[in-house]
Structure formats: structure tokens, C-alpha cells
Amino acid sequence: MKKTLFFFILVFLAGSTSFYQAMGSDAYEYVADKADLLLDYEISELNEQISAIIQAHGFDVAIVAIETTDGKSITAYTDDYFDQYGLGLGPDRDGLIFLISMAQRQWHITTHGKCTAIFGGSAIDAIGSSLTPYLSSGDYYSAFETLLERIDSYAFSQPSSFSGGYIEYDESSEERYVGILAVILISLGIALFTVFSMKRQMNTARRQRAAGNFVREGSFNLTRQSDMFVHTHTTRTRKAEAPPSGGGATHTSSGGSRFGGGGGKF
């Protein structure tokens with residue numbers, strides 16, 4: 001009986017190990033280095049940094065390095081990866097993924113949930129400008145470390161009540177401000193009404209539609225009449241400029257999810 005139980009335990013452990021190896025580390029870690037760009041200790045350090053960001057800000061973060069996008073656009077590949085691995089936290093699946101493709105020499109950030117509002121076009125463009133020198137020189141660990149620093153910085157710059165792309169207000173404070181504003185507007189209305197009423201009573205002059213009433217009869221004779229060009233007026237309208245390439249726009253993935261994000265080359 002003991003030998004049989006021991007045998008089943010060995011089979012279970014072997015099966016669990018095989019399952020873990022088949023799934024790969026990206027099923028349990030935040031960094032999936034499928035292009036062998038990082039050392040093991042670098043991956044561990046990045047995972048620790050991402051874990052701290054997740055605990056501090058409440059959204060998911062993943063870094064993925066691949067050899068090629070298998071014929072897909074890097075945007076579609078990154079979006080599908082987000083969906084395929086069930087990334088994102090909470091009912092709105094708040095999170096972002098940074099993906100780099102070595103064959104295409106491209107990087108892309110896909111955002112979802114409140115991360116789409118936090119990391120708009122200007123934020124993603126700024127992040128990309130910080131990363132590109134490191135990516136171009138092959139210093140991928142520094143690039144990823146800089147990425148996480150920028151993510152943490154942008155997230156901290158948002159109000160503490162930021163959630164799901166909206167700003168939550170204290171209802172009691174809002175009602176108090178509305179009451180104060182109403183009192184100010186009512187008082188201003190009463191004051192204006194009183195002033196205009198007093199002004200109307202003091203003004204006995206009446207508007208005249210012609211100047212004839214102010215001219216003595218027979219004292220004005222028109223001897224010559226002509227038209228003279230005095231001035232010209234030009235109105236200029238600025239031509240609308242096309243939005244810069246990069247991040248900011250939202251789109252729908254092949255799986256029907258609504259994503260934000262942007263990317264570039266290195």
C-alpha cells in the first residue's frame with residue numbers, strides 16, 4: 001500500500017513539472033523573454049519591479065520579447081497576446097503589455113481599462129523616446145527598467161481616486177459646492193436686477209434714429225458726395241494638422257476587445 005501511494009505521488013509530481021514546463025514561465029511570470037534577450041537574474045529583478053507596480057497601482061503589467069510576429073502586425077499580435085493570456089486586473093481588465101519584436105525591430109504598448117486613460121498618446125510617445133536609445137544599442141534590460149520607471153511615474157501622477165478611466169468625487173463635497181455656487185448666482189442676479197432698474201429710472205434720454213434733430217434748419221448744405229476706400233479686413237483660418245503618429249488612438253482587436261496604445265521602431 002505504501003509503495004502504491006509513493007508511486008502515485010511521484011507520478012503527480014512528474015506530471016506537475018511537465019505541465020509547468022509546457023506552459024512556460026510566461027504563464028506565471030510577468031516577463032516572457034522568448035527572444036533570449038535577458039539573463040535569469042535580470043528577469044527576476046524585472047518581475048519584482050512589476051509586482052511592486054501592480055500592488056501600488058492595481059493594474060496588470062507584462063513585458064514580452066519575441067523573435068517575430070508570424071506575419072501579423074505588431075499591434076494585432078500584442079492585442080491578441082493580451083487576450084490569449086487573460087491579462088488585466090478587475091472587471092475592466094486594467095493593464096498594459098509591452099511587446100518587442102526582433103525581426104521587425106518594432107515595439108508596441110497595448111493598454112486596456114483605466115490604463116488606456118492613464119497612458120495616452122503623449123505618455124506613450126514619451127516612453128518610447130526614453131526606450132529607443134537602449135533598444136537600438138541592444139541594452140534591453142536598461143530599456144525594460146526604464147519602461148517600468150516611466151509606467152510607475154505616470155501612474156503616480158494620476159489622482160489617488162483615479163479608477164477605470166474616471167475620477168471619483170466625494171458626493172457630500174460636490175453638493176456643498178453646488179449649494180455655494182447657487183447662493184452666489186442668486187445674489188449676483190438680484191444685484192444686477194437692482195442696478196439696471198435704478199439705471200433705467202435715471203436715464204431720460206431717448207435714442208434718435210437720425211441726426212436731423214440736432215441740425216439747425218437751413219444751416220447745412222451738401223455740395224459734393226463721393227465714396228472713398230478706407231481699409232480692408234482679412235480673416236485667416238489655420239489649416240488643421242494631421243495628428244502625430246505614435247500612441248493615443250483606440251481600436252478593436254480581432255477578439256472584440258477595445259484597446260489603446262501605440263508603438264514605434266528602434
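The values are calculated or read from the model by the stated rules, or taken from the named source; none is laboratory data. Please read all numbers here as calculations on a predicted model, not as lab measurements. Reconstructed Cβ throughout: ideal geometry from the backbone, glycine too, with neighbour counts over all protein chains shown.
Of all residues in the stretch 27-39, those that are at pLDDT 95 or above have Cβ atoms under 8 Å from Cβ atoms of residues that are assigned to a loop (DSSP other than H, G, I, E, B) and of a type in the set (D, E, K, R), 6 or more apart or on another chain, in LYS34/GLU67; ALA35/GLU67. Of the residues making up the stretch 54-71, those that are within 25 Å of GLY138 (Cα to Cα) and surrounded by 15 or more Cβ atoms within 10 Å (Cβ to Cβ) are VAL61, ALA62, ILE63, VAL64, ALA65, ILE66, THR69.
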